Amino acid sequence: MLLSSALRVVSADVTPWNNPYPADNAAKSILYSVFQERPKHLDPVSSYSENEAVFTGQIYEPPLQYHFLKRPYELIPLTATAVPEAQYFDARGKRLPDATDEQAVAKVIYRITLRPGITFAPHPAFARRPDGSYYYHALSPEITQRAFTLNAFPETGTRELIADDYVYEIKRLAHPHLHSPVASFLGKYITGLNALARELRHRTYGKAEFIDLRAFDLLGARVIDRYTFEITLSKPYPQFVYWLAMSFFAPVPWEADAFYSQPGMAEHNLTLEWYPVGTGPYVLNENNPNRRMVLRRNPNFHLETYPDAGEPSDGAHGWLAQAGQRLPFIDEVHFMLEKEDIPEWNKFQQGYYDTSGIAPDGFDQAIRVGPTGQPELTDTMRAHDVRLAITTQPSLNYIGFNMLDPVVGGNDRRARLLRRALSIAFDTEELISIFGNGRGIPAQGPIPPGIFGFKEAEAGVNPLVYDWRQGRAVRKSLDQARHYLAQAGYPGGRDPASGKPLVLYFDAATTGPDLKSQFSWYRKQFEKLGLELVVRSTDYNRFQEKMHKGDAQIYSWGWNADYPDPENFLFLLYGPNGKVRHQGENASNYANPAYDALFQRMRVLPNGAERQRIIDQMVALVREDSPWIWGFHPQAFTLYHQWVGNAKPNLLARNSLKYRTVDPVLRAVKRREWNPPRLWPLLLVLIAAVVSIVPAVLVYRRRRYATAL
Amino acid sequence: MTAYLIRRLCYVLPILIGVNLITFVLFFVVNSPDDMARMHLGERRVTQAAVDKWKEEHDYARPLFWNANVDGTARVTDTIFYRRSIELFLFKFGQSDDGRDIGYDIRQRMGPSLAIALPVLMVELLVTVTLGLLVAVLRGTYFDRWIALVCVALMSVSGLFYIVGAQYLIAKLLRIVPISGFTPGLAAAKFVALPIAVQVLAALGANVRWYRTVFLEEIEKEYVRTAWAKGLSESAVMTRHVLRNALLPLITAIVVTLPSLFLGSLITESFFAIPGLGSYTIDALQSQDFAIVRSMVFLGAVLYIVGLLLTDIAYAWADPRLRFGEA
């Protein structure tokens, strides 16, 4: 005990024993976070996943970004001088006021002007000799053979960001060896993109060969002057402006492509996929996806300051305290590999991670339901002065019906009533409570909160599933569901053909034992109506195959917003986006000509009363047809420590690390306070072990010296 | 012995071809090239054209085993199986489906795996052999019965429980070592101490019981009784006679674990965030990266074959009475 106390005193001012970081990092401005899965793509042309955007968002800079604080989400310039306006032209080149008459529009031009003086982060691809030639653009095999990281190329350089870099990246969407997931989609809009892809495919290029895209013209992307470029679309797509805030439109210098395309580089992981180069606030200083990934402050980062306006409550949260100060605030961000939730959660509690989500196993330790019925932090969390941020995500998790299925699909009255009955019986509120720890809002339609078109309270309630009573939405009774079921021709849930309960099938990609209880709960929802639900679990591949072939009957799906526009959710039910016939994102293969016609009008209208009116009609139509059980909008619960500042969640901005602050001194104090080692239990175990051996030794000695007689 | 080893080496090639074939068939029964492409391209906005392009780019657009569209030997050689297999036998692992150099990744990950596996092997041997000898000597005493009870209890607990329990108790409550993580060099000691302790503890029960049985079997033999009769001390009998003659099962236990030294431990590495080879294969299976899966299975097969050969050689060294292949 004494020894333990002495050790505690000695260790009071030194690094805690369980500190996983080097002691000299304690005073540094470093934010510690985690990643569970190594990012597959860091090339902006192919990166599309959330876990990749955590990195690419800090490194690359598309022309636009989302305002960090303002809600609803607002696009603002990043490297551009202004958010570009769409310019509509008819076939004769005459400027049109808008795209209301979509058929009259022959082309749409977005002209983007860049801020001068922005430079790329230091990179060997830019390094030049005094004579102007590039150090590393003609490497010998001997050099590339020895190079496994960028450290093998000590010389670095930079240059100014110009319009050509953006145009070059747009051309890369058509590159034959880069697999941009959005190339096909954007090819429908950007003039000449598909033609360029065909041209490049017809030429024979080696897999890693440098294709100098500067030598190819793309009609839809044109440099006007050093800082100005134009993107031309072949038809109106007002939501295109949001794409200008995504990494697909981030600049890539041709020098990087030329550098990485040299023989031997790709074989040693030296590609843009692993060593990105951009103009953003951070550079990827260490890329070891087996252990950690380190972002370090870009020494060349241009002048950008913290916003001075936001929502009314932002000031009270302290989220305006740094207004006008230069970004970024933190020197380094360390992403540590943590494959399991439990170690991550425990390390957050010890102060070794600065922010954390809440794993299901740790939910009760972090959150309790307060007297007002609202979630609040537990006493343990409060004792550590942990902060909680709750945000409704711009996404939707729903249960879909395959509209091509002969039983639950189709637009006839029977099928509609069957789906409506199921929508009432499926108790989404209970689902959220049991399986989501209350983290979600029941959906009333396809549009999530925070997106134009969403309506709150009574105006937004789905009257076919809910009643509005005493200021809240109340799910209709099961009797109502049974009534619909009987009208559909299934009284008591019985199939008239067999006289037995109607059997329905839920298709799922089983990913773990946790889902079994959820499937069991699904069955109970259907049993309420006398229906039998058979869960057809399969692996991910077979499930995808079923969805692509239209063989699934009922399934669970979700969508996370690409951008904050209702089009990005309503297109999930647009007929020409059907998954089976058109390989689109309409997984239910829902097709209603009236809805499709309204969608065509809605997508080109600016936000306003007319657009809202059309959206209301569309939502009413899909509620009536019920191709989905509307499910819920998930809520993100984020915990962060007292030393982390400006942690306002922004679920669309991928570049929000530049706004974060961290107080390393306070963090070091708290870590020491929370993590003194306790040795006495180990000493007790050791003593017990020794003591337990003594009698054994005595027995042994007695036997050893015992006489035979 | 030499003839025996040459004969064994001749078996290596057909075994490796067989392992490669089985891996290939099993992988492609579950995953089609289309599935792999969709997994790599993501779920959003991916068209069949993009899938076809990915397959072509990654050499998965050919038939699996038999190419009926060409003539001659190309019917066999112009297939995914042939093209993917031939390089393996030259130990050219190539690139993963997402473009990583597999050989480089294996070299990088082997160190952390060894940093845990080697100490585990040594500490485990030291502790279990010592305890095994001790309970063999003290057989029939309360100590023996108490150790038996502890061993059975240790064997009854799931390996995962040891990990989670140790992280909670040692790293969270007592705060003696970090919960998880890794760093190269000597500083790795504080990260690998707990996983090593957990692995040793998890294997302790079964190993002590096993060694106790082995040693007791030797103790009952006549030569040991003769040694006692000669008046040799307890320690001399146990170490010079019993332990030496119990070497064969010891060698088997050690050499068979050699491949796993390199291939790492999946669950331990995953929970302790050790960047070893253990999780490499599972990550590849989850992301349907066939290039990594086949490389790791092939490497595992080679290591097991080498391990078994070493076992045979070690047997001959430990027991000169053994002569392989001789009547």
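The values are calculated or read from the model by the stated rules, or taken from the named source; none is laboratory data. Note that the structure is a prediction, hence the values are computed from the model and not measured. Note that each Cβ is placed from the backbone with ideal geometry, even for glycine, and that neighbours are counted across all protein chains shown. Keep in mind that these areas ignore ligands, DNA and RNA; they rest on the heavy atoms of the full protein, side chains included. Shrake-Rupley method; radii C 1.70, N 1.55, O 1.52, S 1.80 Å.
Between A:Ile76 and A:Ile434, the modelled labels are 4.5 nm apart [label points 7 Å from Cα along Cα→Cβ]. As a length-normalised measure over Cα pairs under 8 Å and 6 or more apart, the relative contact order of chain A settles at 18 percent.
For segment A:143-218, GluC sites (Glu not before Pro) are listed when DSSP marks them as loop and at most 16 other Cβ atoms sit within 10 Å of their Cβ; the list is A:Glu155, A:Glu209. Long hydrophobic helices in chain A: the complete DSSP H runs spanning 30 Å or more by Cα along their own axis with mean Kyte-Doolittle hydropathy of at least 0.0 are A:680-704. Considering only B:Gly185, B:Gly159, B:Gly278, the mean-square fluctuation computed in a Gaussian network model of chain B, springs between alpha carbons under 10 angstrom, is largest for B:Gly185.
The residues packed around A:Trp521, meaning those with a beta-carbon under 13 Å from its beta-carbon, carry a net charge of -1 if Lys and Arg are +1 and Asp and Glu are -1.
Taking amide H as placed 1.01 Å from N in the peptide plane, A:Ile367 has its amide H under 5 Å from the amide H of A:Thr378, each at least 5 places away in sequence or on another chain. For the protein assembly as shown, the share of DSSP beta bridges that are antiparallel, to the nearest 5, is 80%.
Please compute the average number of Cβ atoms from other chains found within 10 Å of each residue's Cβ in peptide A:39-46.
Rounded to a whole number, the mean comes out at 3.
Buried accessible surface for the B/A pair, both sides summed and rounded to the nearest 100, is 6100 Å² with a 1.4 Å probe.
Of the residues A:Leu244, A:Leu418, A:Pro496, the one whose Cα sits farthest towards the positive end of the charge dipole of the protein assembly as shown is A:Pro496 (charges of +1 on Lys and Arg Cβ, -1 on Asp and Glu Cβ, taken about the Cα centre). Can you list which of the DSSP-assigned H helices in chain B have a Cα extent of 24 Å or more along the long axis and an average Kyte-Doolittle score of at least 0.5? What comes out of the filter, once short or polar helices are dropped, is B:2-30, B:102-137, B:189-219, B:247-263, B:290-318.
Each residue of segment A:315-330 is assigned a 3J(HN,Hα), and the resulting list reads x, 5, 7, x, 8, 10, 5, 9, 3, x, 7, 6, 9, x, 8, 9 Hz, derived from the Karplus form 6.51 cos²θ - 1.76 cosθ + 1.60 (θ = phi - 60°), x at Gly and Pro. The mean number of Cβ atoms from other chains found within 10 Å of a Cβ in peptide A:16-26 is 4, as a whole number. Beta bridges assigned by DSSP with both partners in segment A:395-635 are antiparallel in approximately 65 percent of cases.
Annotation: amide H of A:Thr228 within the under-5 Å range of A:Leu114, A:Ala163, sequence separation 5 or more or interchain, hydrogens built in the peptide plane. Applying the criteria of a DSSP loop state and at most 16 other Cβ atoms within 10 Å to the GluC sites (Glu not before Pro) of segment B:6-92 yields B:Glu43. Put the Cα centre of segment A:218-289 next to the Cα centre of segment B:260-315 and the gap is 37 Å.
Between B:Leu173, B:Leu243, B:Leu160, the Gaussian network model of chain B with springs among Cα atoms under 10 angstrom shows the greatest mean-square fluctuation at B:Leu173. Each Cα pair under 8 Å and six or more residues apart adds its sequence gap; the mean of these over the residue count of chain B is a relative contact order of 24 percent.
Once the C-beta distance of B:Leu160 and A:Ser140 is scaled by a Förster radius of 51 Å, the resulting FRET efficiency is 0.50 to the nearest 0.05.
If packing is taken as the mean number of other Cβ atoms within 10 Å per residue, what is the order of A:388-396, A:210-218, highest first?
Sorting A:388-396, A:210-218 by mean packing, highest first, produces A:388-396, A:210-218.
Restricting segment A:560-658 to chymotrypsin sites (Phe, Trp or Tyr not before Pro) that sit in a DSSP loop and have at most 11 other Cβ atoms within 10 Å of their own Cβ leaves nothing. The residues of segment A:395-635 expose on average 39 square angstrom of accessible surface per residue, using a 1.4 Å probe on protein heavy atoms. Counting only protein heavy atoms, probe 1.4 Å: which residues of segment A:661-709 lose 30 Å² or more of accessible surface in the full assembly compared with their chain by itself? At a threshold of 30 Å² (probe 1.4 Å), the residues of segment A:661-709 that become less exposed are A:Arg678, A:Leu682, A:Ser692, A:Ala696, A:Val699, A:Tyr700, A:Arg703, A:Arg704. Across the options B:Ser85, B:Thr47, B:Ile15, the greatest Cα extent toward the positive end of the charge dipole of segment B:10-90 (unit charges at beta carbon of Lys, Arg, Asp, Glu) belongs to B:Thr47. Charges were assigned to the Cβ only: +1 to each Lys and Arg, -1 to each Asp and Glu. The resulting dipole of segment A:37-283 about its Cα centre is roughly 420 debye. Summarising the amide proton neighbourhood of A:Ala106: residues at separation of 5 or more, or on other chains, whose placed amide H is nearer than 5 Å comprise A:Phe89, A:Asp90, A:Ala91. Between segment A:523-575 and segment B:36-109, the C-alpha centres lie 31 angstrom from each other. Per-residue shielding of A:178-187, expressed as the average number of other chain Cβ atoms within 10 Å of the residue Cβ, stands at 5. Normalising the average separation of contacting C-alpha pairs (under 8 angstrom, six or more residues apart) by the number of residues puts the relative contact order of segment A:395-635 at 33 percent.
Heavy-atom accessible surface of B:Ser96, to the nearest 10 Å², is about 10 Å², with a 1.4 Å probe and all protein chains retained.
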